[in-house]
Each structure stands twice: as C-alpha cells, then as structure tokens.
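The values are calculated or read from the model by the stated rules, or taken from the named source; none is laboratory data. This structure is a prediction, so every number in the text was calculated from the model and none was measured. Note: ideal-geometry Cβ built from the backbone for every residue, glycine included; neighbour counts use all protein chains shown. Side chains are part of the model used for accessible areas, which takes the heavy atoms of the whole protein and leaves out ligands, DNA and RNA. Shrake-Rupley method; radii C 1.70, N 1.55, O 1.52, S 1.80 Å.
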Amino acid sequence: MAVFLTAEWRKLIMAQYVVKPKRLMPYLPRGLEFDLYEGRCYVSLVAFLFDRVRLKGLPIPFHTRFEEINLRFYVKRREPDGTIKRGVVFIREFVPRAAIAYVARCFYEEPYVAIPTNHRIERRSNNLFVQYNWNLGGRSHSIAVNANPTPSDIAPGSEEEFITEHYWGYTKRVDGSTLAYEVQHPRWQTYKLHDEKYRIEVDMGILYGSEFAFLTEEWVSSVLLAEGSAVSVFNGFRLPNPRVATLANA
C-alpha cells in the first residue's frame, strides 16, 4: 500500500475518560468491535503538534506545521486468519489549516474542521510545559501539562501502551461502509507528569456535540504526555462488507 502522508507527531497530550460503550455505538464503523483495556471503554481527548507534513512526498507551502486536537475511541478488527488489528475512530478532529481539513474529508471522510489553534512548549532543566489552545463556539479551550523533561520507555501491558499502540484508523463512511488506513510509527516514549499536574479547560458539548457534553464535568481517568515520532499514513481502502463475506462463505 502506498504512503499518502508523512509527518512527525510531537508532544501529544492524551486525556482519557471512561464511558459506556453504548454511547459510542452510533460512531462504531461496520465490521469493528470496541477495544477495551481491563474491561474499560475509553475516549481520549488528544492534542499534539503536526510537523514536517508531506502529502505524497511533497510539502504544502504554509501547511507543514500546525496543531491538531481530536476526540477518539479504540476499536479492533478481526481478520479471517484470527489476527487482530487495533485502531482508533475519530469523533471530530480540529486543525488550523482549511486545506488540510479539506483533504482529510475528501480522501478519508474524516471529520476534520478548521479552527484557530496555537501551542506553547517550554523546556527547562526540571520541567517541560506543553499547552494547546483553540477557539470554537465563541470561547477558548485549552489543555496543558507540566512534566519531567526526560522521557522514558512505556511499560509493557500498561494503560499507556494500550493508548499509544493502535496502528490503524477507521472511518464510518456516509454510505455505511468502513474505510481503513494503516499508520506506522516506532514505539513511543512518555514523560512523567509532575504530581499528575495538568489543566483541561474545554467545553465538550461545543466541541463534540450534546451527546459528549457530559465529559466536560466527567472525572479524567488519566493524562499522559508522549514525545511522539515520525509517522507514515498509508492510502485508505474499503473493508469488505461482513454480511456479504458471510454469505459468500456459507
């Protein structure tokens, strides 16, 4: 499969909320099931820096570095041979570049919206401060963390591993089919937050609709800061209709 986009994803703040799977059923693409961690269904509010962006190997002037904010949940797909491909589904994704949002909607039917965003990253000898800000619905929103400036490896079997080790994106298309695309990157490292020090000032109802407004007051299960890495996003393809496949194999 050919590479569609290359970039670096850097300084990812990821805030996890535990939700009931039934809340996400309207967004679950056909042929997938929820991927749970120790029986818990998570949605994550994610903010990060998109850098060195190239489409089909070519940089787009003034569109190579920008912020992204998204809300996502975790799914898995079982192949006929029994292998499991774990991925994410996005509720909505925000970027400041209208052209990037347009390309994502056209080629992947991903729910991208262009809005004003900015970020601040400050590194000192004993602290790494990362903050993302964006404007929507007549108000500002932000998420920020303070962390130890030295990253460390992610422990096998940990919640951090579960959150960061999903290598597929899935989209519920308008016609009801499912689009799949692979994302490749090396295993990430994370930064330890100072005494779980973070700040989340967002209105989830404004950002993601009334069905997610409850998250504004919901207790955050965990927050992590990942360094990120270079990534490659491959061309998408439509998954076979499971019902058609079942009939064909009957």
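Tabulated values for the structure
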{"quantity": "Extension reserve of the residue 220-residue 113 stretch, reckoned as 0.36 nm per residue once the Cα distance is removed", "calculated": "36.1 nm"}
{"quantity": "Whole-Hz ³J(HN,Hα) from phi, Karplus 6.51 cos²θ - 1.76 cosθ + 1.60, for the range 142-154, glycine and proline x", "calculated": "7, 9, 8, 9, 10, 9, 5, x, 9, x, 9, 5, 7"}
{"quantity": "Under-5 Å amide H pairs with residue 194, H placed in peptide plane, nonlocal only", "calculated": "146, 147, 148"}
{"quantity": "Three-way shape call for the range 121-250 based on the alpha-carbon gyration tensor, with the a/c threshold at 1.5", "calculated": "oblate"}
{"quantity": "Whole-number percent relative contact order across the range 117-156, with pairs defined as alpha carbons under 8 Å at least 6 apart", "calculated": "34"}
{"quantity": "Which labelled figure in (1) 63, 43, 38; (2) 42, 39, 33; (3) 56, 44, 38 is Cα extents along the principal axes in Å, once derived from the coordinates", "calculated": "(1)"}
{"quantity": "Residues of the chain: accessible area per residue with a 1.4 Å probe, Å²", "calculated": "49"}
{"quantity": "Fraction of antiparallel bridges per DSSP, the chain only, in percent to nearest 5", "calculated": "95"}
{"quantity": "The chain: calculated mean residue ellipticity at 222 nm from DSSP helix runs of at least 4, using -39500 (n - 2.57)", "calculated": "-3500 deg cm²/dmol"}
{"quantity": "Formal net charge of residues neighbouring residue 94 (Cβ-Cβ distance under 9 Å; K, R +1; D, E -1)", "calculated": "-2"}
{"quantity": "Cα lying deepest toward the dipole's positive end in the chain, options 215, 114, 191, charges on Cβ", "calculated": "114"}
{"quantity": "The chain: angle of helix 98-108 to the longest principal axis, Cα-based, in degrees nearest 10", "calculated": "30"}
{"quantity": "Label zone at residue 139, where the point sits 7 Å out along the Cα-to-Cβ direction: the range 198-225 residues whose backbone N lies under 19 Å", "calculated": "199-220"}
{"quantity": "Calculated diffusion of the range 166-234, Stokes-Einstein form, Kirkwood radius summed over Cα pairs, 20 °C and 1.002 mPa s, µm²/s", "calculated": "139"}
{"quantity": "Length released on extending from residue 161 to residue 54, taking residue separation times 0.36 nm less the Cα-Cα span", "calculated": "35.8 nm"}
{"quantity": "Spread of Cα-to-Cα distances over 10 Å intervals beginning at zero, given as percent, for the range 92-154", "calculated": "20, 33, 28, 18, 1"}
{"quantity": "The range 46-173: radius of gyration and largest Cα-Cα distance (Dmax), Å", "calculated": "16.8, 51"}
{"quantity": "Derived scalar couplings ³J(HN,Hα) [the range 70-87; Karplus, 6.51 cos²θ - 1.76 cosθ + 1.60; whole Hz; x for Gly, Pro]", "calculated": "8, 10, 9, 9, 10, 9, 8, 10, 9, 7, x, 7, x, 5, 10, 10, 8, x"}
{"quantity": "Under 5 Å, built H, 5+ apart or other chain: amide partners of residue 231", "calculated": "7, 8, 9"}
{"quantity": "Estimated FRET transfer efficiency when R0 is 41 angstrom, pair residue 174-residue 126 (beta carbons, to 0.05)", "calculated": "0.25"}
{"quantity": "Highest-MSF residue in the chain out of 111, 26, 96 [GNM, Cα springs under 10 Å]", "calculated": "26"}
{"quantity": "Net lengthening on full extension, residue 203/residue 98 (0.36 nm per residue, minus Cα-Cα)", "calculated": "35.6 nm"}
{"quantity": "Under Karplus coefficients 6.51, -1.76 and 1.60, residue-wise ³J(HN,Hα) of the range 21-37 in Hz, glycine/proline x", "calculated": "x, 4, 5, 9, 3, x, 9, 6, x, 5, x, 10, 9, 5, 9, 9, 10"}
{"quantity": "Computed accessible area, residue 125, all protein chains, 1.4 angstrom probe, square angstrom", "calculated": "110"}
